Amino acid sequence: MTKIYDTVIIGSGPAGYTAAIYAARANLTTLVVQGRQYGGQLMITTDIENFPGFENGIAGPELMEVMEKQAKRFGAEMRPVDATKVDFSKRPFAVTLEDETEPVYGETIIIATGASALWLNLPNEQRLNGHGVSACATCDGAFFRNKEVAIVGGGDTAMEEAIFLTRFASHVTMVHRRDSFRASRIMQKRVSENSKISIRWNTVIEDVLGENKVEGLALRDISTDTVSNLSVDGLFIAIGHKPNTELFSEAIHLNEQGYIKHHQYTMTNIPGVFAAGDVVDHRYRQAITAAGSGCQAAIDAERWLESQRSE
Ligand code: FAD
Ligand code: NAP
């Protein structure tokens, strides 16, 4: 007979695993559809220094491995595959997994599929990712004390991160492909008033230079079509994020930027379907906030299930 789980969690980053810890510990039968990128975004980084509880920091993959074990200890089941289709039109909800014909079923669903940073797709960008290339200044800025860094992008995130980086870096060069920023005026003003920031307008990055770590950037000024190298120790990419919501876009209400909208607490427009972590959070995008919202979603799912069963 087909097993129907009390909750099926889609995604295994800090939000998914925390939801699994709370749900399984509350005695809900719990399945985590971990995704191919099990463990989520922190699997591709080195040290996490701002997750509470680890005085000297912890490696991203190690943190995620411990979270997975903690969820398993309470009985959560794990499947390291992607969900390829969902049917939220009736309960129990159905989730189809890659390479499988028979779906898995959940009385509730917690979506925790995260968001992905957009990259420039330069030849050496991913090779040096984690070795000077980063898409998260809040996470990695502190590794660049007294070093020179560059940041690409002209939106509010780039402004905010450039200013944040000046706390650590000796100099920040902003590289922007046009001659004006799209960021809000107030953020632009703060950037222009910061003596540690300089701007390279009309400039695109053609590649990241360096053998084992970032040593510089190959730049092209598109207004004069001239090339030059910029010596830096780090490159921060701030050209936007994309929430992983394609799978749900027909059934679940999304905001203008494609993030899932909460309707009541962490519940989506579909009663019984909840969402947590970066897939709903355009603003904070931190491991601890994702974990916190995973906890909220599991508690909401448990209470909702209980209310249905007592009806
Ligand atoms: P994610 O971690 O993005 O996890 C999403 C999960 O969903 C993955 O397991 C993926 O496999 C799964 N998934 C996606 N689609 C599907 C599907 N169709 N089916 C099944 N599963 C699916 N934050 C900090 O607080 N401190 C740091 O130092 C820090 N460093 C970072 C360094 C880097 C390089 C990056 C990229 C991010 C960093 N962050 C850091 C941010 C942090 O990683 C995220 O805020 C956090 O991981 C978000 O958690 P999440 O659970 O919402 O999603
Ligand atoms: P964004 O507004 O979409 O800006 C992305 C920037 O990256 C743009 O300047 C864009 O250039 C540039 N870009 C995109 N693709 C590029 C490429 N391939 N090569 C080079 N540059 C590229 O994204 P965001 O800055 O992350 O902001 C998203 C939303 O969050 C915005 O609505 C923003 O206002 C909001 N936000 C607000 C705050 C705040 O209020 N404090 C902070 C952060 C974010 P072009 O300009 O040429 O298109």
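The values are calculated or read from the model by the stated rules, or taken from the named source; none is laboratory data. Fair warning: this is a prediction, and the values are worked out from it, not measured in the lab. Neighbour counts run over all protein chains shown; Cβ positions are idealised from the backbone, glycine included.
Go through the range 252-281 and count every residue that is farther than 12 Å from PHE88 by Cβ, of a type in the set (A, V, I, L, M) and not in a strand (DSSP E or B). Within the range 252-281, residues that are farther than 12 Å from PHE88 by Cβ, of a type in the set (A, V, I, L, M) and not in a strand (DSSP E or B) number 3. State whether the residues of the range 243-251 include one that is assigned to a helix (DSSP H, G or I), surrounded by 15 or more Cβ atoms within 10 Å (Cβ to Cβ) and in contact with a strand residue (DSSP E or B) (Cβ under 7 Å, 6 or more places away or on another chain). Yes: the range 243-251 contains one or more residues that are assigned to a helix (DSSP H, G or I), surrounded by 15 or more Cβ atoms within 10 Å (Cβ to Cβ) and in contact with a strand residue (DSSP E or B) (Cβ under 7 Å, 6 or more places away or on another chain). Determine whether the range 137-147 contains at least one residue that is modelled with pLDDT under 95 and touching a strand residue (DSSP E or B) at 6+ places or on another chain (Cβ under 7 Å). Yes. Of all residues in the range 171-195, those satisfying the criterion of being under 18 Å from LEU235 (Cα atoms) and within 7 Å of ligand 2 (Cβ to nearest atom) are HIS176, ARG177. Among the residues of the range 66-84, those identified as away from ligand 1 (no atom under 13 Å from the Cβ) and in a helix (DSSP H, G or I) are VAL66, LYS69, GLN70, LYS72, ARG73. Selection within the range 68-105: residues that are charged (D, E, K, R) and within 19 Å of the chain's Cα centre (by Cα). The member of this set that is farthest from ligand 2 (Cβ to nearest atom) is GLU68. Taken over the range 159-174, the residue count meeting the criterion of being within 16 Å of ligand 1 (Cβ to nearest atom) and crowded, with 22+ Cβ neighbours inside 10 Å is 2.
Can you find a residue that is part of a loop (DSSP other than H, G, I, E, B) and within 30 Å of ASP87 (Cα to Cα) anywhere in the range 224-237? No, because not a single residue in the range 224-237 is part of a loop (DSSP other than H, G, I, E, B) and within 30 Å of ASP87 (Cα to Cα).
Filtering LYS90, LYS69 for residues that are in the same structural domain as GLN296 (by TED's automatic domain parsing), among the basic types (Lys, Arg) and either touching a His at 6+ places or on another chain (Cβ under 7 Å) or over 23 Å from GLY272 (Cα atoms) (or both) leaves a single hit, LYS69. Go through the residues of the range 262-277 one by one and say whether even a single one is of a type in the set (Phe, Trp, Tyr) and at positive phi. Within the range 262-277, one or more residues are of a type in the set (Phe, Trp, Tyr) and at positive phi.
Against the condition surrounded by fewer than 21 Cβ atoms within 10 Å (Cβ to Cβ), in contact (Cβ under 8 Å) with a residue 40 or more places away in the chain and either of a type in the set (Lys, Arg) or assigned to a loop (DSSP other than H, G, I, E, B) (or both), how does ARG177 come out, does it pass? Taking the combined requirement at face value, the residue satisfies it. Among all positions in the range 17-32, there is no residue which is over 14 Å from GLY294 (Cβ atoms) and among the basic types (Lys, Arg). Among the residues of the range 231-279, those identified as within 14 Å of ligand 1 (Cβ to nearest atom) and of a type in the set (Val, Ile, Thr) are ILE237, ILE239, THR245, ILE252, ILE260, THR266, VAL279. The number of residues in the range 49-67 being under 18 Å from the mean Cα position of the chain (by Cα) and closer than 12 Å to TYR17 by Cα comes to 4. Quick one: is ILE151 assigned to a strand (DSSP E or B) and either within 16 Å of ligand 1 (Cβ to nearest atom) or not aromatic (Phe, Trp, Tyr) (or both)? Criteria met by ILE151. Applying the selection to the range 8-39, what residues are over 21 Å from the mean Cα position of the chain (by Cα), among the hydroxyl-bearing types (Ser, Thr, Tyr) and either part of a loop (DSSP other than H, G, I, E, B) or not assigned by TED's automatic domain parsing to the domain that holds ARG91 (or both)? Correct list: THR29 only.
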